[in-house]
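Visitor: After the structure tokens below, expect a handful of questions from me.
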Amino acid sequence: MLSLHCPYCGVDVDETDLTPGGEAHLVRSGSGSDDADFEAYLFMRKNPRGVHFERWRHSFGCGKWFHAARATDTLEVFGTYSAQTKEPPQDVQERIRARRPDWKGFGKGDRI
Amino acid sequence: MSARLARHGRLIDRRKPLQFTFNGRHLHGYQGDTLASALLANGQTLVGRSFKYHRPRGIVAAGPEEPNALVGLGKGAGFEPNQRATTTELFDGLIAESQNHWPSLEFDLGAVNKAMARFFPAGFYYKTFMFPRAAWEHLFEPIVRGAAGLGRVPQEKDKDTYEYFYHTTDILIVGGGIAGLQAAEIAGKSGLRVLLIEQTPDWGGRAMVDGVQINGIGAADWVEKALARLRAMPNVILRSRMMGAGVYDHGYALGYERLSDHDPKIPGPRHRLWRIRARRIITATGAIERPLSFAGNDIPGVMLAGAVRDYLENYGVSPGELTLVVTNNDNAYLSAIALHEAGLTVPAIIDARPEATGALPQKARALGLRVETGCAIGTVHGGKRVTSVTLCNQAGSGAILDEIPCDAVAMSGGWSPVVHLWSHCGGKLRWDADQAMFRPDPARPPRGANGAGFVIAAGTANGHLAAEAVMEDAAEAAAAAVRALGAKADPAKRATARSMPEMPILPVWSMPANAGPKLRMKTWLDFQNDVKVSDVRLAAQEGYESVEHTKRYTTLGMASDQGKLSNINGLAVLADSLSRDIPQVGTTTFRPPYHPISFGAIAGEARGPLFKPLRKSPIHDWLDANGAHWEPVADWRRPYCLRRSGETVKEAVTREILNTRQNVGLLDASTLGKIIVKGPDAGRFLDMLYTNMMSSLKVGRCRYGLMCNENGFLIDDGVVVRLSDDTFLCHTTSGGSDRIHAWMEEWLQTEWWDWQVYTANVTEQFAQIGIVGPKARSVLEALGGMDVSREALPFMAFQEGQIAGIRARVYRISFSGELSYEIAVPAALGQAFWNKALAAGGDFGMQPYGTEALHVMRAEKGFIMIGDETDGTVIPQDLNLGWAISRKKDDFLGKRAQQRPHMVDPNRKQLVGLLTEDPQVVLPDAAHAVEGPKRANGMENIIGHVTSSYYSPTLGHSIAMALIKGGSRRMGETLRFPVADGVVIRAQVVDPVFLDKEGERQNV
């Protein structure tokens, strides 16, 4: 059972108190978008072995959504941060780089 | 024959005799016995039958690795199958029965399978039960089902209780042997919180049995002193009878504590499941001895050498009078020496190694024991009991050198560290060729949230077999854990241990080395699942190269012991068959729990009324006292109908419908979701969430709205009310309030976080009561306090004020097609309002009604129900709800998806009404409509299904709604609905609005 730090409550939270929300930082393609963009938004999800950005909701706590930067292979957590951002904060990205020198960077080299 | 000795038995109390029964026989044991030791003490060597061949099986081990001694325990509501005799503590009055035999343990008809063994090879089921297809139903399945399963299923509800316990600690130490105790002392001195758990009732592990000396005193004395020191530390918690069941992500672990299995008279829960979050976990879980692979190694009387020593030293039980020892290592000599010193006979020690020169073999020889080096067992003779073994050369193929009479065999193929907990969460292993074992690879531990390893293996579990190395490793493990957590530890302040030195092991995976097919067919790897060396060789020959595939094909290691004895031997045979090295083949995956735990412990207190919390409306108790026939609706209970005395459910529903349509009905609608959406951007936000325009709704008005997900599919519906310029109240379905509230929050928090909107789920703040029917207005007028006239409160409007002296909000909305008001009052005043409404309604013939009447009335009007007409693949357009989809809005959730080609296909399933040819016949829910010729596979061509179907008392005939391909173009067509046994119901496609198409009943 994962333990993630809720950036709003400031506590480590058991996975059973959280709801997973899938991949983070999706860009919504709404009305008027072309088929390829809409397909990518609606269906295409990354499934990397390694660094991944995820959405979680502290459902049985403050109810807030937050993001987690996590390694899917070792379960290492590089950081959790507000969901109200379009990309991971610099300090989280730096921590990933320090722990995973081969990481290509946010949004790079990890497309499906 | 096995028997109790006059001496020995450090764990039993001979002053406290106990009685128990096995298969109805009355037997005796002592306080401190396990069921296994007590059975052996009574000469009961035969304890069960094997799964596939029903071969006689005896006790092999003394711990959780035992594959054979599975029994049914207790009776009635306390009965539990598949309990291990070796982990069952004896108590007075214990009732046990053996399993998997018919008609009796001694004489078993299923043992005919044994004669058929040649015809039950690996993959037998896959190979045999293929064709013809019809044979499955009538021949194969009944046979397989009859033979399947181990033990009896309990027939009564479990009488015991169980509970969870949540615990957070700095360091969890699993295993209370000398390594665990040593680690706990070092860790405890650091001041960190330590939890030390031991699966058995006793501390110290095998050290006492093996004669280890610690700090110059006997292990038993040192353990007593260590326990006293640990108990004096306030930061250390000790728990015996508690097994480390599993290790999971980020330092999570499960502990399985057995509180009263050893004495059912103890009050309180029987098992407790500890849900532990530890910052570091030390696994001091010891090792398990491996059997040797020789022909007849499954005959009762063949046991692990270590277990023989356990029974002798711990319980004063001898496995036999003539116990032959067979080994590939020095350790088993301890058993031979112990037996000899206890006055029992060891006819020979058969050692597969070319020479045995260590201290222990020398001691054995000095005691006059016969040691045969370079030798092996050719075959064991005996049926339900060992009678003799043949001696042969280990290097040969089984030519008989000698036949040695004996009634027990103590075997040792070496020791495998218990790496389960290390491996559960991804810890990797390395092969230690010198010691012939897989051991934890400290470079690849399971990693925690910060990337550091959080499990540290210690002592024997880490591959150290000698006592001094165990103590040193345990101290280092504890110090490493303490330092990783930022505290100080001094591993030098540890105890020192001394044990007899042992010479290296010789890996022996087949005995004799060149055993032919005849011997291999009688050489067991997995005793519980009847997997033999020949089966694994056959699997390899048939192309099963992966150890995971071989496991599933042969069922090796898939029994309830999860291959604790068989896995290493099995993969060694596989490696040999494939001409590969053992590490190349690798192990199968270790999965929790380490040892089976009870379903009761997993469920904890979540059973009966506590299985799921029940939500109750403010009117719940009144309804319950007034004939409510309850049905579950999401987390709520709602009354299906309210029965009067002497009435059937069907009669009650009919009465409620007719009375509501003719007079007036009273409905508890409090379960409807109610969500406040407030803020400057509330209208803009609701325009995105609903398919229709909500920002244009005028204050004081109501509007029915639909919500879709981004796939375009309908997920909820309800009436939206504009309370003020910046405040909306969104009604959701009864089951949808939490889900839709979460849905709103998700979009507000993660997509439109700059929009100024707040939401609040106020579902339980209000009681909501429907007054429905032609006389509804008269009832409200009688209650008094608010002008509810057609002009003052028109359809789809609402008023705030007082009704009958109670603060209320009155919505004029209708889900029945009748003149209808829904009155929201503060939840605490709900029952008061209900009572006043009942009193005022009496003169008008008002009667409360339930959900079935509600359903029938909405279906008569062709109104959809989320979950009936929708199933997660239905868009509003399919349900003729295109009118509720705004064309003016640029965007809303689901709009883009509804433009996909499949969504605009005119042949999508669309909602239609159905009238059966015989108006008294009601279509079954979900009946399929079929059309045209049958498909190639012989099945009908399905074009749709019934979504709602009722008998309408209002109309005097059945009505139904269905989703039918291209349904809107099929008006007037007659469709076929094959239901069962050749019966076909025919129904005509009609408009789904069956009653009052013009809406005149509500427009008054």
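Visitor: Scan the stretch B:21-30 residue by residue and report those that are under 34 Å from the mean Cα position of the chain (by Cα) and within 22 Å of residue B:309 (Cα to Cα).
Guide: Listed by number, the list is empty, since nothing qualifies.
Visitor: Right, something else. Could you list, in sequence order, all residues of the stretch B:256-293 that are closer than 30 Å to residue B:74 by Cα and within 14 Å of chain A (Cβ to nearest Cβ)?
Guide: Once the filter is applied, which keeps residues that are closer than 30 Å to residue B:74 by Cα and within 14 Å of chain A (Cβ to nearest Cβ), the stretch B:256-293 yields B:273, B:274, B:275.
Visitor: Follow-up question, since we're still on this one. Looking at this structure, is residue A:33 at the interface with another protein chain (Cβ under 8 Å from one of its Cβ atoms), over 25 Å from residue B:759 (Cα atoms) and out of contact with any Asp or Glu (no Cβ under 7 Å at 6 or more places or on another chain)?
Guide: Taking the combined requirement at face value, the residue satisfies it.
Visitor: Can you spot a residue in the stretch B:757-777 that is aromatic (Phe, Trp, Tyr), away from chain A (no Cβ under 14 Å) and open to solvent by 20 Å² or more (accessible area, probe 1.4 Å)?
Guide: Yes, the stretch B:757-777 has at least one match.
Visitor: Hey, another quick one. I need a count of the residues in the stretch A:12-24 that are more than 10 Å from chain B (Cβ to nearest Cβ) and touching a Phe, Trp or Tyr at 6+ places or on another chain (Cβ under 8 Å).
Guide: Within the stretch A:12-24, residues that are more than 10 Å from chain B (Cβ to nearest Cβ) and touching a Phe, Trp or Tyr at 6+ places or on another chain (Cβ under 8 Å) number 4.
Visitor: Can you go through B:772, B:757 and tell me which one is among the β-branched types (Val, Ile, Thr) and outside the structural domain of residue B:720 (by TED's automatic domain parsing)?
Guide: B:772
Visitor: Exactly one condition in (1) out of contact with any strand residue (DSSP E or B) (no Cβ under 9 Å at 6 or more places or on another chain); (2) within 14 Å of chain A (Cβ to nearest Cβ) is false for residue B:886; which is it?
Guide: Looking at each condition in turn, residue B:886 falls short on (1).
Visitor: Kindly provide the set of residues from the stretch B:409-440 that are part of a loop (DSSP other than H, G, I, E, B), away from every other protein chain (no Cβ under 14 Å) and open to solvent by 30 Å² or more (accessible area, probe 1.4 Å), ordered by number.
Guide: Across the stretch B:409-440, the qualifying residues are B:433, B:434, B:435.
Visitor: Can you name the residue in the stretch B:343-386 that is among the hydroxyl-bearing types (Ser, Thr, Tyr) and in contact (Cβ under 8 Å) with a residue 40 or more places away in the chain and, of all such residues, is farthest from residue B:513 (Cα to Cα)?
Guide: Only one residue tops the list, namely B:357.
Visitor: Do the conditions hold for residue B:140, that is, is it modelled with pLDDT under 70, within 30 Å of residue B:550 (Cα to Cα) and assigned to a loop (DSSP other than H, G, I, E, B)?
Guide: So residue B:140 does not fit the description; no.
Visitor: Is it fair to say residue B:32 is of a type in the set (Gly, Ala, Ser), surrounded by fewer than 24 Cβ atoms within 10 Å (Cβ to Cβ) and assigned by TED's automatic domain parsing to the domain that holds residue B:91?
Guide: Criteria met by residue B:32.
Visitor: Looking at B:644, B:607, which is the one that is on the phi < 0 side of the Ramachandran plot and touching a residue at least 12 places away in the same chain (Cβ under 8 Å)?
Guide: B:644
Here's the yes/no breakdown for (1) in contact with a Ser or Thr (Cβ under 8 Å, 6 or more places away or on another chain); (2) closer than 19 Å to residue B:746 by Cβ; (3) open to solvent by 20 Å² or more (accessible area, probe 1.4 Å); (4) at pLDDT below 95:
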site: A:17; (1), (2), (3), (4): yes, yes, yes, no
site: A:32; (1), (2), (3), (4): no, no, yes, yes
site: A:45; (1), (2), (3), (4): no, yes, yes, yes
site: A:65; (1), (2), (3), (4): yes, yes, no, no
site: A:75; (1), (2), (3), (4): no, no, yes, yes
site: A:83; (1), (2), (3), (4): yes, yes, no, no
site: A:95; (1), (2), (3), (4): no, no, yes, no
site: A:98; (1), (2), (3), (4): no, no, yes, no
site: A:112; (1), (2), (3), (4): no, no, yes, yes
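Visitor: For the structure I just gave you, tell me whether residue B:151 is closer than 30 Å to residue B:479 by Cβ and not acidic (Asp, Glu).
Guide: No: the conditions fail for residue B:151.
Visitor: If residue B:921 meets every condition in (1) surrounded by 11 or more Cβ atoms within 10 Å (Cβ to Cβ); (2) closer than 20 Å to residue B:864 by Cβ apart from one, which number is that one?
Guide: (2)
Visitor: Of the conditions (1) open to solvent by 40 Å² or more (accessible area, probe 1.4 Å); (2) on the phi > 0 side of the Ramachandran plot; (3) touching a Pro at 6+ places or on another chain (Cβ under 9 Å), residue B:627 satisfies every one except a single condition; which number is it?
Guide: So the condition that residue B:627 fails would be (1).
Visitor: While we're on this one: Could you give me the residue pairs with C-beta distances under 8 Å whose first residue belongs to the stretch A:55-69 and is under 14 Å from residue A:84 (Cβ atoms) and within 11 Å of chain B (Cβ to nearest Cβ), whose second residue is assigned to a loop (DSSP other than H, G, I, E, B) and of a type in the set (S, T, N, Q) wherever it lies, and which are 6+ apart or on separate chains?
Guide: Here the result reads A:67/A:85, each pair linking the stretch A:55-69 to a residue that is assigned to a loop (DSSP other than H, G, I, E, B) and of a type in the set (S, T, N, Q).
Visitor: Suppose we keep only residues that are in contact (Cβ under 8 Å) with a residue 24 or more places away in the chain and touching a strand residue (DSSP E or B) at 6+ places or on another chain (Cβ under 6 Å) within the stretch B:736-756. Which one would you say is nearest to the other protein chains (Cβ to nearest Cβ)?
Guide: Only one residue fits best here, namely B:741.
Visitor: While we're on this one: Any idea which of B:622, B:636 is in contact (Cβ under 8 Å) with a residue 40 or more places away in the chain, open to solvent by 50 Å² or more (accessible area, probe 1.4 Å) and more than 14 Å from chain A (Cβ to nearest Cβ)?
Guide: Result: B:622 is the single residue among B:622, B:636 that is in contact (Cβ under 8 Å) with a residue 40 or more places away in the chain, open to solvent by 50 Å² or more (accessible area, probe 1.4 Å) and more than 14 Å from chain A (Cβ to nearest Cβ).
Visitor: Restricting attention to the stretch B:283-292, does a residue exist that is within 30 Å of residue B:605 (Cβ to Cβ), buried (at least 24 other Cβ atoms within 10 Å of the Cβ) and in contact (Cβ under 8 Å) with a residue 40 or more places away in the chain?
Guide: yes
Visitor: Sticking with this structure for a sec: Of all residues in the stretch B:902-914 being over 42 Å from the mean Cα position of the chain (by Cα), surrounded by fewer than 19 Cβ atoms within 10 Å (Cβ to Cβ) and of a type outside the set (S, T, N, Q), which is farthest from the other protein chains (Cβ to nearest Cβ)?
Guide: Going through the qualifying residues, I end up with B:906.
Visitor: Can I ask one more? Can you find a residue that is touching a residue at least 12 places away in the same chain (Cβ under 8 Å), over 29 Å from the mean Cα position of the chain (by Cα), surrounded by fewer than 20 Cβ atoms within 10 Å (Cβ to Cβ) and assigned to a strand (DSSP E or B) anywhere in the stretch B:50-63?
Guide: No, there is no match, as no residue in the stretch B:50-63 is touching a residue at least 12 places away in the same chain (Cβ under 8 Å), over 29 Å from the mean Cα position of the chain (by Cα), surrounded by fewer than 20 Cβ atoms within 10 Å (Cβ to Cβ) and assigned to a strand (DSSP E or B).
Visitor: Still on this structure, please answer the following. Given the structure, is residue B:733 open to solvent by less than 40 Å² (accessible area, probe 1.4 Å) and more than 14 Å from chain A (Cβ to nearest Cβ)?
Guide: So residue B:733 passes the test.
Visitor: Kindly indicate the residue of the stretch A:1-11 that is facing chain B (nearest Cβ under 10 Å) and closer than 15 Å to residue A:81 by Cβ and also surrounded by the most Cβ atoms within 10 Å (Cβ to Cβ) among those meeting that condition.
Guide: A:4
Residues are listed down the side, and each one gets a yes or a no for (1) among the acidic types (Asp, Glu); (2) in a loop (DSSP other than H, G, I, E, B):
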{"position": "B:442", "(1), (2)": "no, yes"}
{"position": "B:451", "(1), (2)": "no, yes"}
{"position": "B:460", "(1), (2)": "no, no"}
{"position": "B:464", "(1), (2)": "no, yes"}
{"position": "B:468", "(1), (2)": "yes, no"}
{"position": "B:472", "(1), (2)": "yes, no"}
{"position": "B:494", "(1), (2)": "no, yes"}
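Visitor: Separate question: Please give the strands (runs of 3 or more DSSP E) falling wholly within the stretch B:790-892 in which 3 or more residues are surrounded by fewer than 20 Cβ atoms within 10 Å (Cβ to Cβ).
Guide: Ranges flagged: B:798-803, B:806-811.
Visitor: Okay, next question. I need a count of the residues in the stretch B:957-1004 that are within 47 Å of the chain's Cα centre (by Cα) and either part of a helix (DSSP H, G or I) or over 30 Å from residue B:822 (Cβ atoms) (or both).
Guide: 19
The values are calculated or read from the model by the stated rules, or taken from the named source; none is laboratory data. Just so we're clear, the structure is a prediction, and the values are computed from it rather than from any experiment. Note: ideal-geometry Cβ built from the backbone for every residue, glycine included; neighbour counts use all protein chains shown. What goes into the accessible areas is simple: the full protein's heavy atoms, side chains included, and nothing from ligands, DNA or RNA. Shrake-Rupley method; radii C 1.70, N 1.55, O 1.52, S 1.80 Å.
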